[in-house]
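Please read the structure below before turning to the comments.
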Amino acid sequence: MTPRLRLSVVVVTRNEEERLRACLEAVVWADEIVVVDAESEDKTVAIAQEFTDRVVVRPWPGYAAQKNTALDLATGDWMLSLDADEVVSPELRAEIARVLASDGPADGYTVPRRNIFWGRWVRHGGLYPDRQLRLFRRGRGRFEARAVHESVRVDGRVAPVDGHLEHRSYRDVSDFLMRADRYSTLAADDAGGSGPSGARERPRAPPARALPRHVRRAGRLPRRLEGFLLATLYAYYVLIRSAKIWERTKG
């Protein structure tokens with residue numbers, strides 16, 4: 001008989017005591033859970049140790065490097081890479097089981113995410129299906145070296161699955177603004193050549209165009225203040241990211 005294929009779930013963390021438990025409770029059925037923590041100052045490590053003995057604490061080297069470290073520590077035949085603010089749905093669990101049972105046929109799979117903000121699933125404004133490549137065959141996927149918005153590159157065929165991740169990224173407006181400032185700086189460093197990728201590029205969307213394009217999307221959202229505000233916040237992120245890239249490349 002063909003041995004049953006094993007699944008490793010890999011998660012990187014830092015100060016995620018509020019959200020990590022829900023993430024790990026949804027994957028207790030996995031063959032292995034690997035958590036790589038960046039020296040958290042809260043109860044993150046203690047919570048992770050309730051679910052697995054594969055918890056490693058190390059300094060933060062960057063998103064891609066930390067996630068690749070977690071992949072190197074995992075021993076399964078297939079990898080499922082999660083963020084601490086993501087929860088695997090029952091439908092996605094069933095689809096992963098089918099992939100493991102047939103060992104493919106693809107080498108990597110993209111997963112749709114339901115982005116939750118103010119307790120609501122935001123389906124419009126370009127925020128769904130928000131597909132992310134998270135499930136892939138061991139040795140076929142690595143995170144590309146970027147300062148932020150790291151993504152997996154898979155050596156082989158990639159296909160979609162329909163079971164979703166629930167993504168509870170932003171706690172409130174203040175959290176969004178704090179992350180927008182940090183992420184836009186990292187993205188500008190990358191684009192300006194000082195980030196890990198070392199690639200110089202011009203802003204894809206000039207600031208004068210970014211805001212109208214995203215605010216127009218708000219018109220397709222449900223007629224709620226939350227929808228308009230969320231679209232405007234994302235437009236703000238694009239604006240300041242483009243402005244920071246412009247600062248680094250104008251010379």
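Here the 3J(HN,Hα) profile of segment 4-14, calculated from phi with Karplus coefficients 6.51, -1.76 and 1.60 at θ = phi - 60°, is 5, 6, 9, 10, 9, 9, 10, 9, 10, 9, 7 Hz, Gly and Pro shown as x. For LYS43, a cut-off of 22 angstrom between C-alpha atoms picks up these lysines, skipping any fewer than 8 places away in its own chain: LYS67.
Our coupling estimate for segment 178-188, obtained by passing each phi through the Karplus curve with A = 6.51, B = -1.76, C = 1.60 and θ = phi - 60°, is 5, 5, 4, 5, 5, 5, 5, 5, 5, 5, 5 Hz, Gly and Pro reported as x.
Report the calculated FRET efficiency for TRP246 and ARG179 (r = Cβ-Cβ distance, R0 = 30 Å), to the nearest 0.05. Spell out each step's value before the answer.
Values: r = 21 Å, r/R0 = 0.69.
Using R0 = 30 Å, I get an efficiency of 0.90.
In this entry, segment 1-92 is assigned a mean projected area of 6.1 nm², taken as a quarter of its C-alpha convex hull surface. Peptide packing: for 28-41, 77-90, the average count of neighbouring Cβ atoms within 10 Å per residue gives the ranking 77-90, 28-41, highest mean first.
Contact order, relative form, for segment 30-179: 27 percent (alpha carbon pairs under 8 Å, 6 or more residues apart, mean separation divided by residue count). Amide H contacts under 5 Å for GLU17: LYS43, THR44, restricted to partners 5 or more places along the chain or on a different chain, H placed in the peptide plane at 1.01 Å from N.
Shown in residue order for segment 80-97 are the 3J(HN,Hα) couplings computed by the Karplus curve 6.51 cos²θ - 1.76 cosθ + 1.60 at θ = phi - 60°: 10, 9, 10, 8, 5, 9, 10, 10, 6, 7, x, 5, 5, 4, 5, 5, 5, 4 Hz (x for Gly and Pro). The mean accessible area for residues of segment 1-41, using a 1.4 Å probe and ignoring ligands and nucleic acids, is 49 Å² per residue. Of all aspartates and glutamates in the structure, those lying under 16 Å Cα to Cα from LYS250, and not within fewer than 8 positions of it along the same chain, are ASP189, ASP190, GLU201.
Excluding ligands, DNA and RNA, the accessible surface per residue across segment 79-119 is 36 Å² with a 1.4 Å probe. If you average the C-alpha positions of segment 96-169 and of segment 47-78 separately, how far apart do those two centres end up, in angstrom? The two parts, judged by their Cα centres, are 18 Å apart. Residues with amide H under 5 Å of LEU165's amide H, sequence separation 5 or more or different chain, H placed in the peptide plane at 1.01 Å from N; which? For LEU165, the qualifying residues are ARG113, ARG114. The calculated FRET efficiency for LEU73 paired with LEU225, based on their beta-carbon distance and R0 = 45 Å, is about 0.50.
Relative to the Cα centre, what is the charge dipole magnitude of segment 1-146, using +1 at the beta carbon of each Lys and Arg, -1 at the beta carbon of each Asp and Glu, and rounding to the nearest 20 debye?
Working: 22 positive and 23 negative charges, 119 e Å.
Dipole of segment 1-146, to the nearest 20 debye: 580 debye.
Just so you know, the Rg over Rh for segment 49-184 is 0.96, from Cα atoms, with Rh as the Kirkwood radius.
The values are calculated or read from the model by the stated rules, or taken from the named source; none is laboratory data. Because the structure is a prediction, the values reported are computed rather than measured. Using ideal geometry, Cβ is built from the backbone for each residue, glycine included, and neighbour counts are taken over all protein chains shown. With ligands, DNA and RNA removed, areas are computed over all heavy atoms of the protein, side chains included. Shrake-Rupley method; radii C 1.70, N 1.55, O 1.52, S 1.80 Å.
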